[in-house]
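None of the figures in this text is laboratory data; all of them are computed from the coordinates on show. These numbers were taken from a predicted model, which means no experiment stands behind them. No Cβ is skipped: glycine too gets one built from the backbone with ideal geometry, and neighbour counts run over all protein chains shown.
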Amino acid sequence: MVVGPQKKDVRPRSSRAGQDAVPLDRAVKEKLSLSWNAARDAIRTGKVFVGNPGVVVTDPTAMVRSTEKIELVANAPRPHIAHRSALERGAILHLDPAVVVVNKPAGISTVPFGDETPEEAKKTLDSLVREILSKRVPGGRGRAPLGVVHRLDKETSGVMLFTRTLEAKKHLAQQFREHSIGRRYTAIVHGSFIGKRTIRSFLVEDRGDGLRGSARPGRREGQLAITHVKALQPLAGATLVSCELETGRTHQIRIHLSEAGHPIVGESVYIRNYAGPRIAAPRAMLHAAELTFEHPTSGEEMSFSVEPPEDFRTMMLKLR
C-alpha cells in the first residue's frame, strides 16, 4: 500500500439506520467533506485504499461495510497498468513453432478494440507477445505472426493460448468450436456458495436491460452456455470457487455466477441486481487457472496451470 504525508483514515458509516454498507463514493464524500466529483475522481485515479491490508479500489459504486477501513492517499500514483516488463519476467509459459502459451496479467487487453491510441495499441497482450517473439527469431526484425483463438477479459488474469501458424490456428479454433479444450477458472464470489452446481442457460446479447444475460426460462434463443461451479473455500462474506467451462461464451462465468446470486467480487457490470453487501476489490477476482488442449502438430495433450497473482491472493487473505 502506498503511504504518503497527506493521508486521512476514515471509517464509513451507513447514511441510513440498519444499513451495513454504502457506496464508496458516498463514504469518501461524507467523511472528507468532498464534492461528489472530487470523491469520485479520487477513487477513479487510485487514491483510495480499502481494507486492511489496503487495496486500491477504482469503482465509485463499490459497496463498503461500515467497519471497513478506508485510506485516502493524495499523492498515490495512478493504478499500475501491466506493460512489457511484466511479460518478460517469465510470462511465456511455453513456446514452440506452432503455439505460445502466456500467463496474462490483469489490467491488459488481449487485443486492440479500435478505440485505443497508437501507444495504447502497443500495450495489448498480442502486441507485447509479438514483440517478445520477434526478438527471439533470428534477425529479430519484422512482425512475428500470432493468431488469436480465444480471449480473456481485460481484468482477468491467467493462462492464454496464441498460435504461430495458420494451420495451428485452424486446428485450435476447431477445438474451441467443439468445446474439447479444458478451461478451469478460479473466482472469489459474494456470499456463501455451497457444494457443486451446473449452471445451464441460453445467453443473449440483450436480456432486456442492455446487458448480456440468460434468456427467459423455457426459451431457446441465444447460445447454449454451461458452467460447472464448485466451492473450494469459505471466506468472510464470500467463497473461493472453481469454474469449469463446458462452453465458452462471452462473459459466461461472470453472467452465470451473477444470475446464481453470487457475483464475482470486484464485478462492475453484472451486479446491479445483487442486494447483498458488496466487497470492494481493485478488479473482478477472476483467474484463468488451467488450460488443456491437444497440440495442433503432435496431437499430444498439453496442460498449463498458473497460480493467482498477488492482488488475488491479497484479497483471499483479507477475507479469511
| field | Charge dipole magnitude, Cβ of K and R +1, D and E -1 - the stretch 184-287, Cα centre, debye nearest 20 | value | 160
| note | Among 47/104; 123/154; 69/230; 47/69; 154/196, the pairs whose Cα-Cα distance exceeds 20 Å are 47/104; 69/230; 154/196
| message | Taking loop as defined by DSSP and a crowding limit of 14 other beta carbons within 10 Å, which GluC sites (Glu not before Pro) in the stretch 254-320 fit? | response | 300
| task | Evaluate the distance, in nm, between pseudo-label points positioned 7 Å from the Cα of residue 174 and of residue 295 along their respective Cα→Cβ axes. | result | 1.8
